[in-house]
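See structure below.
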Ligand code: UD1
C-alpha cells in the first residue's frame with residue numbers, strides 16, 4: 001500500500017479535532033484542517049485560535065480553511081489544491097437536546113455534509129477515512145462492558161441517529177466499492193485537555209456535559225451542579241460513564257491512521273474508552289480532590305435520554321491498533337482544570353490571559369504566531 005502523510009481534518013478547530021491535530025503533527029503527518037466555526041471560536045480574520053495554539057505547542061504549521069461541508073464547491077476547490085491522502089471526519093453538530101428540537105438541521109448538516117465529503121474524496125481518488133462515531137449508537141446497552149458486536153441503532157436521540165445512519169452508509173459504500181478503507185471510532189466520554197493548558201474544550205453553544213459544567217461551577221461562573229438522577233441502578237444511584245482523556249482519544253486516531261496505512265480493511269469499527277466506569281458522584285469527588293475546590297451539587301430529576309451505565313470493552317483497539325491509553329481520571333481532571341484556570345474565557349481571552357507553557361509566558365494573540 002502507498003504511504004500517505006497528508007491528512008484532511010474536518011472540524012479541526014473543535015475540541016477533539018484540535019487535540020488530534022497535535023498528535024498527528026507530532027507523529028509526522030501534515031495537516032489540512034477545515035471548520036465552519038459552528039461550535040468553535042473563530043479569530044478576527046477567519047483564522048482558528050485553537051489551531052494557532054496547536055502550532056505553538058508543536059512548532060509545526062497547520063493549513064486551515066473556513067469551510068462548511070455543505071459548501072461542496074469549496075470542498076472541491078480545497079481537494080484540488082492539495083494532494084490529500086486521508087481524511088479524519090470530526091465535523092458534526094453534537095448537542096443531544098438541540099438535536100431533538102431541530103432534527104432536520106442535524107440530518108442536513110451531519111448526513112448531507114458527510115455525503116458531500118465522501119463524494120469529493122471519491123472524485124479525488126482518496127479512500128482512506130477515520131470517522132468520528134460515538135457510543136451513543138449502542139443506545140441503552142443490553143450488556144456491559146459494551147463490545148463492538150453489541151447491536152446498534154436503537155438510539156435515543158437524533159444526534160445519535162445521525163452517527164448511526166452514517167455508520168450504516170459507510171457499511172454500504174465499503175461493501176459496494178472495494179477501494180474504501182475506513183475505520184469508525186466509537187468514542188465514550190472524552191474529557192480533559194492538552195497538558196500544556198493551551199488548548200481545551202471551548203464550545204460556543206450552551207453546553208450540558210458534565211466536566212465543563214463542573215469546571216464552570218469550580219471557577220464560580222455557575223452556582224452549583226445539578227446531578228441528573230440519583231436513582232439509577234449503579235453504585236451510588238448516579239449515572240456511570242467511561243471517561244477518556246482527549247489526548248488518549250487523539251492518539252487512538254493516529255493509531256487508526258497507522259493501521260489504515262498498513263492494511264486494507266474496507267471497514268472496521270473500534271471502541272475508544274478505558275473500560276472503567278465512574279459515577280457522576282465519583283467524578284465530582286475526583287475533581288474536588290485534584291483541584292482542591294469544593295463542588296456544591298444538588299440531586300435533580302433524570303435527564304431525558306440518559307441511561308444508567310455506558311462502559312466499553314476497549315480491548316480490541318488495544319490489541320489491533322496497538323493503542324496505549326496513558327491518562328487516568330486524575331490526569332483528566334488536572335488537565336481540564338489547568339485549561340480552565342489558564343483560560344477562564346476560553347479562546348476569547350486573547351489579551352486577558354497569558355498562557356503559560358513550561359514556565360514561559362506566551363502571548364496567545366494569534367498575530368504573534370505563524371500565519372498562512
Ligand atoms: C453525551 C452523548 C454522547 C456524546 C457526549 C459528548 C448520548 C446519550 N450521549 O454523553 O454521545 O459523545 O455527550 O458530547 O448521546 N450529568 C449530570 N449533570 C450535568 C451534566 C451531566 O448529572 O450537569 C450526568 C449525566 O446524566 C450523565 C453524566 O453526567 O450521567 C455524563 O453526562 P455528559 O457529560 O452530558 O455525557 P453523556 O450524556 O454521557
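Only the coordinates and a few stated rules stand behind these numbers; no lab work does. No experiment lies behind these values; they were computed from the predicted model shown. Positions of Cβ are generated from backbone atoms using ideal geometry, with glycine treated the same way; all protein chains shown enter the neighbour counts.
The table that follows gives values for the structure above.
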| item | result |
| --- | --- |
| DSSP bridge pairs, the chain: antiparallel proportion in percent, nearest 5 | 10 |
| Dimensionless Rg over Rh [region 99-232; C-alpha; Kirkwood] | 1.02 |
| Highest average packing first - 275-287, 242-254, Cβ atoms within 10 Å | 242-254, 275-287 |
| Rel. contact order, % - alpha carbon contacts under 8 angstrom, at least six apart, the chain | 20 |
| Alpha carbon convex hull of region 42-169, volume per residue in cubic angstrom | 152 |
| Mean separation of Cα contacts under 8 Å (6+ apart) over length of region 238-294, as relative contact order % | 57 |
| Of every Cα-Cα pair in region 94-143, the percent that sits beyond 14 Å | 66 |
| Å³ per residue enclosed by the Cα convex hull of region 206-292 | 144 |
| Ranked by how many other beta carbons lie within 10 Å on average, peptides 17-26, 109-118, 188-197 from highest | 17-26, 188-197, 109-118 |
| Cα centroid separation, region 52-127 to region 216-255 (Å) | 27 |
| Segments 256-264, 50-58 sorted - mean Cβ within 10 Å per residue, highest first | 50-58, 256-264 |
| Shape box of the chain [Cα atoms, principal axes, largest first, Å] | 54, 51, 39 |
| Descending Cα extents along the principal axes, region 192-237, whole Å | 38, 22, 19 |
| FRET efficiency for residue 223 and residue 285, using Cβ-Cβ distance with R0 set to 22 Å, rounded to 0.05 | 0.70 |
| Span per principal axis, largest first, for the Cα atoms of region 153-244 (Å) | 53, 38, 24 |
